[in-house]
Structure formats: C-alpha cells, structure tokens
1. Taking the conditions exactly as written (under 23 Å from ASP112 (Cβ atoms), open to solvent by 40 Å² or more (accessible area, probe 1.4 Å), free of Cβ contacts under 8 Å to residues at least 12 places away in the same chain and in contact with a helix residue (DSSP H, G or I) (Cβ under 9 Å, 6 or more places away or on another chain)), does TYR157 satisfy them or not?
2. If you check ILE120 against the conditions, is it surrounded by 19 or more Cβ atoms within 10 Å (Cβ to Cβ) and among the hydrophobic types (A, V, I, L, M, F, W, C)?
3. Which of the residues spanning region 84-110 are out of contact with any Phe, Trp or Tyr (no Cβ under 6 Å at 6 or more places or on another chain), under 17 Å from SER148 (Cβ atoms) and among the β-branched types (Val, Ile, Thr)?
4. Tell me which of these PHE39 doesn't satisfy, since it passes every other one: (1) without any contact (Cβ under 8 Å) to a residue 12 or more places away in the chain; (2) over 24 Å from LEU201 (Cα atoms); (3) surrounded by 12 or more Cβ atoms within 10 Å (Cβ to Cβ).
5. Residues GLU27, GLU12, GLU65: which one is at negative phi, part of a helix (DSSP H, G or I) and surrounded by 14 or more Cβ atoms within 10 Å (Cβ to Cβ)?
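The values are calculated or read from the model by the stated rules, or taken from the named source; none is laboratory data. Owing to the predicted nature of the structure, the values given are computational and were not obtained by experimental measurement. Cβ atoms come from the backbone with ideal geometry, glycine included; neighbour counts cover every protein chain shown. Keep in mind that these areas ignore ligands, DNA and RNA; they rest on the heavy atoms of the full protein, side chains included. Shrake-Rupley method; radii C 1.70, N 1.55, O 1.52, S 1.80 Å.
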Amino acid sequence: DDVAAERKALQESLNSDVNTATRLLDELPGRQNLGTLRFELLMQRNAGLRALVQGQVKVTDAAVEAMYDVVHGPKRQARLMTLGNLADAQGAINLVNSGVSFADVAVEMSTDFSAARGGILEPISRSDPSYPEAIRAALWSLNVGEMSSPILLEKGYAVVLLVKRIAPDTVSLSDARPTMERLVRTSQERLLMDQLARRMLADTSITIFDEQLNEAWSRARKSGK
C-alpha cells in the first residue's frame, strides 16, 4: 500500500490532468534511464524512507502560513546575476549603469543557471526558502526597474533587478489550509528522507565488483548524490 501511495503521489505531481499524468508516469522510467525494475525499487526505497521519518514531521501553524505565503502570497519577479567576487559584481553594475541591459550583462558575466535567459527568474515569494534571505530582502526593498547593490552570498555576490511586483491571489488561508498542510508534510518528509538516506550511506560499507558501476558509485558519493 505504501509503494502504491508513492506511485500515486508521483503521478499527481506530474500533471493535474489524470490522463496526462498517467502517460508521463509510464514514460518516466525510460526518460530517466531507470528501467522498470530500478523504478520499482526506487518506489520501494522512497516508501520505506517515508515510513521511517513520518514520526518526525511537525505541521505547525507557522509552517502552514509560510507555505501559504509561498504559494498564494505576493511575489516579486526579478533578474539575477551571481558573480565570484565584489569587483566583478561592481563591474557588472557599472556596465548596467552605463547603458548595457541587465539581461546582456547577465548572459556574459553571471554564473547562475539563469544566465542563458538573461537572468530572469520565476516569481519569488518573500518566504521562499530556495533563495537566500539577503536576495529576498533586497527584492522587497526595491522599486520596479531598480537594481540592487552587490549582495553578499555564501559563495560570491549577487545583483538583482526588480522586474515587477505580483499581488497575492484571492485564495484564503482557510480554504487553502488542507493543501498547504499536505505540502508542508511532503516538503518536510522529502528533507528528512534525504538526510536519513545520506546518513545510512555514510554508515554503510559497500563493495562493488563491477568496475563501471563502482566508478559511477564513487562519482555519485563525491557529488553528494
């Protein structure tokens, strides 16, 4: 039953249309080079890890409200550049101030994955934990069309340009609460499952006799995957 629940949850995450989601789920093992057997084992692995961590999940009001803000609250859309040092960040700002478009500078200088599309990002919530607090704070302090000063990150610097402000939608917290509670639970489970899997791998000694498989395994462990 737990494995069936994993498949259903994965299917629902792929698309809101049942027929489309079913087709995507059927195609997923081939697209990810998993094969049928490895895909089924992955579902079993996830079901087992989820069962082990479920007792640690805590769905608090604060967590639900933060998730509601991420999904339904106000957002900011921005362009972003990440640069290796303060001199490069200031140089990028100088280029924009001289008349070069932020997008063009991002393409040439940014180290972020968004560089290829001129640094444009999907709309960001004030509570979105996938972006550093310093970037979110800067976006909420800027006017539309305004560029930030260099923002210190854990590694390097960032510069952001506020493109537009997006108002919150009309869904109330009371109406959204069941869905938000489910999203909070799922996100906490995913984090705890990943942490548990890493601990289990770190504490386990595995001998692989196939040379190619051993090489792939070693690369995965070095990269943290």
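1. Spelling it out, it is not the case that TYR157 is under 23 Å from ASP112 (Cβ atoms), open to solvent by 40 Å² or more (accessible area, probe 1.4 Å), free of Cβ contacts under 8 Å to residues at least 12 places away in the same chain and in contact with a helix residue (DSSP H, G or I) (Cβ under 9 Å, 6 or more places away or on another chain).
2. Working: surrounded by 19 or more Cβ atoms within 10 Å (Cβ to Cβ): no; among the hydrophobic types (A, V, I, L, M, F, W, C): yes.
It is false that ILE120 is surrounded by 19 or more Cβ atoms within 10 Å (Cβ to Cβ) and among the hydrophobic types (A, V, I, L, M, F, W, C).
3. Within region 84-110, ILE93, VAL100, VAL105 qualify.
4. Failed condition: (2).
5. Working: GLU27 fails: surrounded by 14 or more Cβ atoms within 10 Å (Cβ to Cβ); GLU12 fails: surrounded by 14 or more Cβ atoms within 10 Å (Cβ to Cβ).
Exactly one of GLU27, GLU12, GLU65 is at negative phi, part of a helix (DSSP H, G or I) and surrounded by 14 or more Cβ atoms within 10 Å (Cβ to Cβ), namely GLU65.
This table checks each residue for (1) open to solvent by 50 Å² or more (accessible area, probe 1.4 Å); (2) part of a helix (DSSP H, G or I).
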position: ALA116; (1), (2): yes, yes
position: ALA138; (1), (2): no, yes
position: THR170; (1), (2): yes, no
position: ASP175; (1), (2): yes, yes
position: LEU183; (1), (2): yes, yes
position: ARG198; (1), (2): yes, yes
